[in-house]
Amino acid sequence: MALLPPDIRTSGAFLRLTLFQRRRKFYNRMLYSALHNKISQKLWLDKICPEAAPPMTHYVSGNRLIRIGGKGKPVGTRSEAADLVRSDNPIFIKPADAGRGVGAYQVSSGKEGVLINGKFLGNAAFQQWIRELPLSFTISNVIEQSKETRSFFPGALNTVRIMTATSFLDYRAVVLGAVLKCATSRSIPTDNFKSGAGGTVSSIDLETGVLGPCVGFDEARFERTLSDTHPETGAVVAGEILPHWQELHEKISWLASILPRPGVVGWDVAVRDNGITVVEINTLPGIDAVQSGVSLLDTEAKRRILSEMRMI
């Protein structure tokens, strides 16, 4: 409640968290089964929209390392995952079936060892670390974001969270809202908002792609904060235009309309210099990040589709 824009909080025109979570769990159950796992998301996007598919190269299943696509040996051993880290090739490791940045690691090579989220491990310790990872995890190349989004906070990938709802009646897709998530030192290696205890969010005008101020949370004063600049880097965010916004808006709207099952989805999308990449499809999305920046009930189209799912 404290994170809501004051006018939205006063008017009462917002989604109630408990009701949303209850309905989301019910209406998204089939979509969750189809696309919750990151490997399923990668394979679906590779077939439907390969230019926007995440750069996942391998996944680990038990003690096996499985390469996705390309030429060469398709199956190796878990220990061979260590060989994928080179000085010119940092990688990103995350669980195949978790969200909210849980268990996410950026790994890059250093002298006589590796850096994991900025902390050094020797080669032997790194091999042990690989052995202790979950039974299933994914390995991806690091996405090179656009110079504009990198300038806001260069220490992590800053992504767009765009929320869509797809109708059970006719598969029409409605964009409910969008924000730019900017990482901070509290959120790295991800940009997760964590209800204001991680990164920041900035509203995105759905028509123009113009960014609003950075929304954060002052825990000592227990209140929502606004800043036209990033709170740590000082980079101006408010008033900037997000690159490739029209392409992003149109492509995600189209993908939402052809999901294997309808429901409410939170898409995490990276903006590159030459296009966009869908980093993750959240099939049990939260609403705090988006609703902290924009209204999800300000048009008849939004209200109608959310009423269909009994969320309002």
Discussion item. Could you sort the peptides 63-74, 238-249 by per-residue average Cβ neighbour count (10 Å cutoff), highest mean leading?
Written reply: 238-249, 63-74
Item to complete: Evaluate the relative contact order of the range 53-191 (contact order divided by residue number), counting alpha-carbon pairs under 8 angstrom at least 6 apart; express in whole percent.
Response: 21 percent
Discussion item. Pairs on different chains or at least eight residues apart, Cα atoms closer than 24 Å: how many lysine pairs in the range 1-135 fit?
Written reply: 18
Practice prompt. Could you tell me which of rounded, prolate or oblate describes the range 208-312, using a ≥ b ≥ c as the square roots of the eigenvalues of the alpha-carbon gyration tensor, with rounded for a/c under 1.5 and, failing that, prolate when a/b is larger than b/c and oblate otherwise?
Written response: oblate
Fill in: Mean separation of Cα contacts under 8 Å (6+ apart) over length of the range 228-277, as relative contact order %
28 percent
Worksheet item: In whole Å, how far is the Cα centre of the range 245-287 from that of the range 118-171?
Response: 15 Å
Discussion item. Can you give me the angle between helix 245-257 and the longest principal axis of the chain, using Cα atoms only, in degrees from 0 to 90, rounded to the nearest 10?
Written reply: 90 degrees
Item to complete: Choose one answer from Ala220, Ala173, Ala301: the residue with the largest mean-square fluctuation in a GNM of the chain with alpha-carbon springs under 10 Å.
Response: Ala220
Practice prompt. On the full set of protein chains, 1.4 Å probe, figure out the accessible area of Phe222 and give it in Å² to the nearest 10.
Written response: 140 Å²
Worksheet item: To the nearest 10 square angstrom, what accessible area does Ser185 show with a 1.4 Å probe?
Response: 70 Å²
Worksheet item: Taking the Cβ-Cβ separation of Arg304 and Ala124 as r and a Förster radius of 41 Å, what is the calculated FRET efficiency to the nearest 0.05?
Response: 0.10
Worksheet item: For the range 259-270, what does the Karplus curve 6.51 cos²θ - 1.76 cosθ + 1.60, with θ = phi - 60°, yield as ³J(HN,Hα) per residue in whole Hz, taken in order and with x for Gly and Pro?
Response: 4, x, 9, x, x, 9, 10, x, 9, 9, 10, 8
Fill in: Solvent exposure ordering (accessible area, 1.4 Å, most first) of Thr77, Thr166
Thr77, Thr166
Worksheet entry | For the range 217-312, accessible area per residue (1.4 Å probe, heavy atoms of protein chains only), Å² | 42 Å²
Discussion item. Could you tell me the relative contact order of the chain? Use alpha-carbon pairs under 8 Å, at least six residues apart, and round to a whole percent.
Written reply: 22 percent
Worksheet, complete the sentence: Taking a ≥ b ≥ c as the square roots of the eigenvalues of the Cα gyration tensor, with a/c under 1.5 meaning rounded and otherwise prolate when a/b exceeds b/c and oblate if not, the range 159-233 is prolate
Discussion item. Rounding to the nearest 10 and keeping the result within 0 to 90°, find how far the Cα-based axis of helix 17-27 lies from the longest principal axis of the chain.
Written reply: 70 degrees
Worksheet entry | Spin-label pair Val75/Asn141, simplified geometry with 7 Å Cα→Cβ offset, distance in nm | 2.6 nm
Discussion item. What is the ratio of the Cα radius of gyration of the range 1-98 to 2.2 N^0.38 Å, with N the residue count, to two decimals?
Written reply: 1.58
Discussion item. So, taking all protein chains as they sit and a 1.4 Å probe, how much accessible area belongs to Met311, in Å² rounded to tens?
Written reply: 0 Å²
Worksheet item: For the chain, which whole-number percentage of the solvent-accessible area (1.4 Å probe, protein heavy atoms only) is attributable to carbon and sulfur atoms?
Response: 54 percent
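The values are calculated or read from the model by the stated rules, or taken from the named source; none is laboratory data. Computed from a predicted model, the values in this text were never measured in an experiment. So basically every Cβ, Gly included, is an ideal-geometry build from the backbone, and we count neighbours across all protein chains shown. Surface accessibility is based on the protein's heavy atoms, side chains included, excluding ligands, DNA and RNA. Shrake-Rupley method; radii C 1.70, N 1.55, O 1.52, S 1.80 Å.
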